[in-house]
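Here is the structure we will look at, set down as structure tokens.
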Amino acid sequence: DNEVSYNMACGDVNGDGLLDCYVASTSLIQLDENGKKVWKSKEEIFVNVDIYLPSPPEKPLIVTLNHAGKIQFRNYIGQTIRELVPREKVYGFRICNWLNSHFVLAYQKNVIVFLGLDGEEILRYRLSGNPSDIYSIRGTSVKSEDGKEYFAVITKFSSITGLSMLVIFSPAKALIYHEIIGGTTGLTAINVSGAKEQMLLVGDGPGIVNK
């Protein structure tokens, strides 16, 4: 179909061992492992989708953000199980895990927000010195040599700026680092053979990765 696709998330939501993909568009669309459409929700603008993959016996869920700013948790066939309405509208999110707890990492125009799955606001950080509003976000936990778990976030700004910002929070949820970098949302933490700490890999523009 000739539909605008805002983003896509993939995971095994129904537990059959096969990958399912969900597309946020003018409706929510499920694709099977071959890219064939399985179902399409009623018409509604979805601007973001992600997959919540908890530990068993809790079941995975599809998580969507609609144009009105409601974050909705849905089952495998797209039925809404529950929804969160943040006190201020958010424009995008990721489902993340930090300190043994899943949460919603979201953003407003120039604010990073951590929301519990019950909607409770855990952390709010207003960026300063950013060249534009936030356009996308990504986050990951990363362990230090002493085993403490920090959380790194990249916020990407307008493509015109060619810039992003990296911020890192301590286990006490205090900001300990921030830096303007090249436009990217490339961010992951990897294990290093023989080391207790993890290595944080950060994109810094096309073709550049910093450790």
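Among S141, T80, A195, which residue has its Cα positioned farthest towards the positive end of the charge dipole of the stretch 80-199, with +1 placed on the Cβ of Lys and Arg, -1 on the Cβ of Asp and Glu, and the dipole taken about the Cα centre?
T80
How large, in percent, is the carbon and sulfur part of the accessible surface of the stretch 60-211 at a probe radius of 1.4 Å?
Answer for the stretch 60-211 is 49 percent, counting heavy atoms of protein chains only.
Any idea what the dipole of the chain comes to, in debye rounded to 20, about its Cα centre with Lys/Arg Cβ at +1 and Asp/Glu Cβ at -1?
With only Lys, Arg, Asp and Glu charged at Cβ, the dipole is about 380 debye.
Calculate the FRET efficiency for N97 and D32 from the Cβ-Cβ distance with a Förster distance of 41 Å, rounded to the nearest 0.05.
The pair N97/D32 has a calculated efficiency of 0.95.
Could you provide, to the nearest whole Å², the per residue accessible area of the chain with probe 1.4 Å?
With all protein chains present, the chain gives 52 Å² per residue.
If you stretched the chain out fully between S55 and I176, how much longer would it get, using 0.36 nm times the residue separation minus the C-alpha to C-alpha distance?
40.6 nm
Wrap a convex hull around the Cα atoms of the chain, take a quarter of its surface area, and give that in square nanometres.
Mean shadow area of the hull around the Cα atoms is 13.1 nm².
Return the equivalent ellipsoid semi-axes of the stretch 8-48 as a descending list in whole Å, where each equals the square root of 5 times an eigenvalue of the C-alpha gyration tensor.
Taking √(5λ) for each Cα gyration eigenvalue gives 19, 10, 8 Å.
Find, among the trypsin sites (Lys or Arg not before Pro) in the stretch 12-86, those assigned to loop by DSSP (not H, G, I, E, B) with at most 16 other beta-carbon atoms within 10 angstrom.
When the trypsin sites (Lys or Arg not before Pro) of the stretch 12-86 are filtered for loop state and at most 16 Cβ neighbours within 10 Å, K36, K42, K70 remain.
Starting from the coordinates of the alpha-carbon atoms of the stretch 110-211, obtain the Kirkwood hydrodynamic radius over all distinct pairs and give the value in Å to one decimal.
Mean inverse Cα-Cα distance, inverted, gives 14.3 Å.
If r is the Cβ-Cβ distance from E43 to F73 and R0 is 22 Å, what FRET efficiency results, to the nearest 0.05?
The computed FRET efficiency comes out at 0.60.
Excluding residues on the same chain fewer than 8 positions from K148, give the aspartates and glutamates whose Cα lies under 13 Å from its Cα.
Here the aspartates and glutamates satisfying the reach criterion relative to K148 are E197.
Please compute, for the alpha-carbon atoms of the stretch 75-116, the extent along each of the three principal axes and give them in descending order in Å.
Extents along the principal axes, in whole Å: 34, 26, 14.
Just the number: Rg to Rh for the stretch 105-158, Cα atoms, Kirkwood Rh, two decimals.
My calculation of the ratio gives 1.02.
For T188 and D16, calculate 0.36 nm times their separation in residues minus their Cα-Cα distance, and state this gained length in nm to one decimal.
59.2 nm
In straight Cα distance, which lysines are under 24 Å from K89, not counting same-chain residues fewer than 8 positions off?
Within reach: K42, K70, K109, K156, K173.
Given Cα positions, please report Rg to Rh for the stretch 65-148, the hydrodynamic radius being the Kirkwood one.
1.01
If you count only protein heavy atoms and use a 1.4 Å probe, how large is the accessible surface of C10, to the nearest 10 Å²?
The accessible area comes out at roughly 60 Å².
Could you run the Debye sum over the Cα atoms of the stretch 1-84, one equal point scatterer each and no solvent, and tell me log10 of I(q)/I(0) at q = 0.16, 0.24 Å⁻¹, two decimals?
Listed by q, the Debye log ratios stand at -0.54, -1.21.
Given R₀ = 25 Å, what would the calculated FRET efficiency be for S128 paired with I160, taking r from the Cβ atoms and rounding to 0.05?
0.80
The values are calculated or read from the model by the stated rules, or taken from the named source; none is laboratory data. Remember, predicted model here, so these are calculated numbers, not experimental data. Note that we place each Cβ from the backbone using ideal geometry, even for glycine, and neighbour counts take in every protein chain shown. When the accessible area is computed, the model is the full protein with side chains, heavy atoms only, and any ligands, DNA or RNA have been set aside. Shrake-Rupley method; radii C 1.70, N 1.55, O 1.52, S 1.80 Å.
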